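Student: If you scroll down you'll find the structure; I have some questions about it.
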Amino acid sequence: MDISVIVSARNEGKTIQRCITSVLEQSHPVERVIVVDDGSSDDTIDVLSCFEDDPRVVVIVLPQNVGVPGARNIGVQQAASEIIAFLDADAYATAGWLGELVSPFDDVGVVCTGGPDLAPENDKPFALAVDYSLRSLIGSGRLRRDNAFAPYAPAGCNMAVRRSDFVALGGFDEHLNQRGEEKEFLQRLRRGGGRVVFCAQALIWHHRRVSVRQFWRQNLYSGKARTDILRRAPDAFAWPHMGPAAIVLALLAGLLGWVLGHGTPMLLIPALYFGVLLVDAGLAWAKARSLAIALRVPLTSAMVHIGYGLGLFWGASRWMLGKPVGSGAKDRQSPRTSS
């Protein structure tokens, strides 16, 4: 079964070479690696020149940033393979990644596959704490993989679909250019009755955010994106995604009750929450045996909860005010293609 890999990149000069090399060295042959440079201002294009003699690598240069959904859609337009896989430019794949992703498509009822993404073990402690929080039960309910809490939804950094389905459904919604486009697309796939398969061995190594500001923005925009997805696809609703909003409301109620003079017992709510975060830190220590990671986990898990929860409220307020979904698709200009 032939497969092409789409890589959207913007200012990923430090990671793009390892990303593309990992795809070219897959045990399952790849027909095309289509790299869409989404208006980079760093040396991404210069780094990609090392692949100019490999006919499998196609580079599409966009003169300005159009957003991840638009860049991925452009990449798919240049692909002719039966299966399309997506990989982020700040990630690199294990040798059997493509084979694991493509194998379930032998079953005609499978419409989408995806796998886990883990932070490289040599990443900075903050990035490894982020990785832990995104995968732990307390930090995220383990919603990033197949589990009983919510239907599995592959991340756009590691997923594969049939090209025919992708084209028939019109690709990713380019209005969802602040995160979440793959989740909305997945709902369109599910409506046809197809199965989405979690491939535990289809592993990629994915660099996480390395600063508080970057990770805070990621969670804030992820929460906002959830309401944008629900506006497009109400059937994407799942109660576990509302957990962070409940945490934010509980913390605000506790603090407000204390400020209004309802007594110290109201402070038990934030105190209990802090205790849960400490438990999460203890579990991180037991798993990673790293004090540097464990000490950062209360912060990163709290950022997941509070950032995502506030993002939900932000998105909901925009919804009630009749604001448009996302920030609007950007106008496209003619791309430049090389191979």
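Every read-out reported here was derived from the displayed coordinates using simple, explicitly stated rules and does not represent laboratory data. These numbers were taken from a predicted model, which means no experiment stands behind them. Note that we place each Cβ from the backbone using ideal geometry, even for glycine, and neighbour counts take in every protein chain shown.
Student: Could you check what % of the DSSP bridge pairs in the chain are antiparallel, to the nearest 5? Working shown, then result.
Tutor: On the way: 14 of 36 bridges.
Among the beta bridges of the chain, antiparallel pairing accounts for roughly 40 percent.
Student: OK, next. Starting from the amide H of Val33, placed 1.01 Å from N in the peptide plane, find each other amide H under 5 Å away whose residue is 5 or more places distant or on another chain.
Tutor: Result for Val33 returns Val5, Val57, Val58.
Student: What full-extension length gain, to one decimal in nm, is calculated for Ala238 and Lys323 as 0.36 nm per residue of separation minus the Cα-Cα distance? Could you put the intermediate results ahead of the total?
Tutor: Working: separation 85, 0.36 × 85 = 30.60 nm, distance 2.30 nm.
In short, 28.3 nm is gained.
Student: What residues qualify as long-range amide H neighbours of Ser8, i.e. H under 5 Å apart, gap of 5 or more or another chain, H built at 1.01 Å from N?
Tutor: Val36, Leu87, Ala89
Student: What length, rounded to one decimal in nm, is gained on full extension from Leu267 through to His28, with 0.36 nm per residue of separation minus their alpha-carbon distance?
Tutor: On the way: separation 239, 0.36 × 239 = 86.04 nm, distance 5.61 nm.
Going from the current span to full extension adds 80.4 nm.
Student: Also: When the helix-only estimate is applied to the chain (DSSP H runs of n ≥ 4, each -39,500 (n - 2.57), divided by the residue count), what is the mean residue ellipticity at 222 nm, nearest 500 deg cm²/dmol? Each step should come with its number before you reach the end.
Tutor: Values: 13 runs with 149 residues, N = 339.
That calculation yields -13500 deg cm²/dmol at 222 nm.
Student: Still on this structure, I have one more. Explain nothing, just compute: Karplus ³J(HN,Hα) = 6.51 cos²θ - 1.76 cosθ + 1.60, θ = phi - 60°, for every residue of region 63-76 in order, whole Hz, x for Gly and Pro.
Tutor: x, 8, 5, 10, x, 4, x, x, 5, 5, 4, 4, x, 5
Student: What shape does region 118-172 take by its C-alpha gyration tensor, where a ≥ b ≥ c are the square roots of the eigenvalues and a/c under 1.5 counts as rounded, a/b above b/c as prolate, and the rest as oblate?
Tutor: oblate
Student: Separate question: What is the count of Lys pairs in the chain whose alpha carbons sit under 18 Å apart, if the two are 8 or more places apart or on different chains?
Tutor: So the count works out to 4.
Student: Output ³J(HN,Hα) for region 248-257: one whole-Hz value per residue in order, computed from phi by the Karplus curve 6.51 cos²θ - 1.76 cosθ + 1.60 with θ = phi - 60°, and x for Gly and Pro.
Tutor: 4, 5, 5, 5, 5, 5, x, 5, 5, x
Student: A further question on this structure: Measure nothing but the geometry: give the 0 to 90° angle between the long axis through the Cα atoms of 268-288 and the longest principal axis through the Cα atoms of the chain, rounded to 10°.
Tutor: Around 40 degrees separate the two axes.
Student: Also: Once you put a point 7 Å from the Cα of Ser164 and another 7 Å from the Cα of Met1, both along the Cβ direction, what distance in nm separates them?
Tutor: 1.2
Student: Between Phe274 and Val108, with labels modelled 7 Å along Cα→Cβ, what's the label distance in nm to one decimal, could you check?
Tutor: 6.1
Student: Continuing with this model, one more query. Rounded, prolate or oblate: which one fits region 116-260, using the alpha carbon gyration tensor with axes a ≥ b ≥ c (rounded when a/c is under 1.5, else prolate when a/b beats b/c, else oblate)?
Tutor: Judged from the Cα gyration tensor, region 116-260 comes out oblate (a/c at least 1.5, b/c at or above a/b).
Student: Length gain on complete extension for the stretch Glu52 to Gln201, per 0.36 nm per residue less the alpha carbon to alpha carbon distance?
Tutor: Full-extension gain reported as 50.6 nm.
Student: Between Ala286 and Asp42, what is the label-point separation in nm under the 7 Å Cα-to-beta-carbon projection?
Tutor: 3.8
Student: Another question about this same structure. Starting at the first residue of region 84-98, write each ³J(HN,Hα) from the Karplus equation 6.51 cos²θ - 1.76 cosθ + 1.60 with θ = phi - 60°, in whole Hz, x for Gly and Pro.
Tutor: Once θ is set to phi - 60°, the couplings for region 84-98 become 10, 10, 10, 9, 6, 6, 9, 9, 9, 9, 6, 4, x, 3, 4 Hz.
Student: Now for a different question. Within 10 Å of each candidate Cβ there may be at most 13 other Cβ atoms; applying that plus a DSSP loop requirement, which GluC sites (Glu not before Pro) in region 1-76 survive?
Tutor: Answer in residue order: Glu25, Glu52.
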